[in-house]
1. Calculate, in nm to one decimal, what residue 112 and residue 162 gain on full extension: separation in residues at 0.36 nm each, minus their alpha carbon distance.
2. Tell me, what is a quarter of the convex hull surface for the C-alpha atoms of region 144-192, in nm² with one decimal?
3. Rounded to the nearest 500 deg cm²/dmol, what is the calculated helix-only ellipticity per residue at 222 nm for the chain, with -39500 (n - 2.57) per DSSP H run of length n ≥ 4?
4. Using R₀ = 35 Å, calculate the FRET efficiency as 1/(1 + (r/R₀)^6) where r is the Cβ-Cβ separation of residue 172 and residue 138; round to 0.05.
5. Could you tell me what a quarter of the Cα convex hull surface of region 117-169 works out to, in nm² with one decimal place?
6. Can you pull the percent of Cα pairs in the chain with separation above 27 Å?
7. Please determine, in degrees from 0 to 90 and to the nearest 10, the orientation of helix 41-53 with respect to the longest principal axis defined by the Cα atoms of the chain, where the helix direction is its Cα long axis.
8. Given a Förster distance of 22 Å, report the FRET efficiency between residue 89 and residue 35 from their Cβ-Cβ distance, rounded to the nearest 0.05.
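The numbers here are math on the coordinates, done by the rules we state, and not lab data. It should be emphasised that the depicted structure is a prediction, and the values quoted were computed from it without experimental measurement. Every residue, glycine as well, gets a Cβ built from its backbone with ideal geometry; the counts of neighbours run over all protein chains shown.
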Amino acid sequence: MILLRLFIAFVEVGAFAFGGGYAALPLIERVIVHRYGWLSMMEMTDVVSISQVTPGPIAINAATFVGMRVAGLPGAIVASFATVLPQTILLFIIGIFFFRGKRPTTIDHAFLALRPGVAGLIGVATVSIFISAIFLSTSPIVIDPVALVAFSVVLILRIKRVNLFPLVFLGAGIGLLGHLVEYLTGTGASPR
């Protein structure tokens, strides 16, 4: 039964995840965190982080991780397959038009119309991940100072066009160092 629920959940994610992984994050969050409760929002943020440092698309990486967590290896396989199935079918259908030399303008207009929506979905995902990464609590508002420092340093360096790879390690290093200092001094915030 759980494998069927995983399949249905990730077919939905795959079917409506236009615009890439970041655009799919609000949908993944809604299905995985809010509807089924398979992960907490904090765990979802961890999935996004893990998905960024492992090769492959974020939606498939997230599906594999969630499937493994919920139902072991069979769950990982089912969730990963379900994520790619709808868009693979859609790709074949659209590919028929492109390779026959009959590129319909309707498809071009649909792709143009999707761009603002995808940008909005990426914005929603950004805000959601930012809140769960920076704030220990939102009622009352409690900010994790180490996370805020790591975010600020990495953001500033990325704006200055520092390569992404070192920034991942820098952010992780700041987080580890900051929480080690908090632990040693006894000033750390309560664990998430």
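1. My answer for the length gained is 14.9 nm.
2. Computed as one quarter of the Cα hull surface, the answer is 3.3 nm².
3. So the calculated ellipticity at 222 nm is -26000 deg cm²/dmol.
4. 0.90
5. 4.5 nm²
6. Pairs farther apart than 27 Å: 41 percent.
7. With rounding to tens, the tilt is 70 degrees.
8. Efficiency computed from Cβ-Cβ geometry: 0.40.
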